[in-house]
Amino acid sequence: MARLLFGLGIVVVIFTVYAIVDCAMFDRSRIRGIGRVWWILVILLVPVIGGVLWFLVGRGRKGRPPRRAQRTVAPDDDADFLRGLDRDAAQEERIRRLEEELADLDDRTDQPDLPTDHPDHPEHSERRRDDDGDTPPSSRPNA
């Protein structure tokens with residue numbers, strides 16, 4: 001019986017030392033719950049249960065980084081954000097050109113189809129007479 005207790009004591013000491021070393025060497029950003037120093041104190045003060053708690057609760061998973069470890073990136077350093085700006089600028093330019101084309105089409109359709117000899121046709125606008133019946137200065141012959 002003494003041998004069994006001695007063997008169990010050795011296993012507990014080895015497990016406790018392994019848990020303390022693991023806690024001390026573990027990546028700080030992946031430690032969950034309490035801080036590293038507190039985990040070491042828990043492992044030392046409650047040898048078996050503290051070590052089991054460390055391995056079950058304190059060690060963060062490798063696949064999923066904890067929220068504290070996520071690094072925020074400034075917008076001017078984020079490549080996805082900058083690509084989005086280029087796309088937005090190109091899209092705004094396309095929209096501006098389409099709006100100009102639509103405005104030109106509206107201007108064309110607002111003007112009635114007038115025969116070229118009609119007095120309101122744009123070609124005859126220079127030949128229009130003002131209120132006095134005189135020709136405008138731009139169409140008077142230079143004498």
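The values are calculated or read from the model by the stated rules, or taken from the named source; none is laboratory data. Because the structure is predicted, anything quoted here is derived from the model rather than measured. In this analysis, Cβ positions are derived from the backbone assuming ideal geometry, glycine residues included, and neighbour counts consider all displayed protein chains.
Of everything in segment 1-26 that is under 20 Å from GLY60 (Cβ atoms) and in contact (Cβ under 8 Å) with a residue 24 or more places away in the chain, the residue that is surrounded by the fewest Cβ atoms within 10 Å (Cβ to Cβ) is TYR18. When GLY63 is tested against (1) surrounded by 10 or more Cβ atoms within 10 Å (Cβ to Cβ); (2) modelled with pLDDT under 85, only condition (1) is not met.
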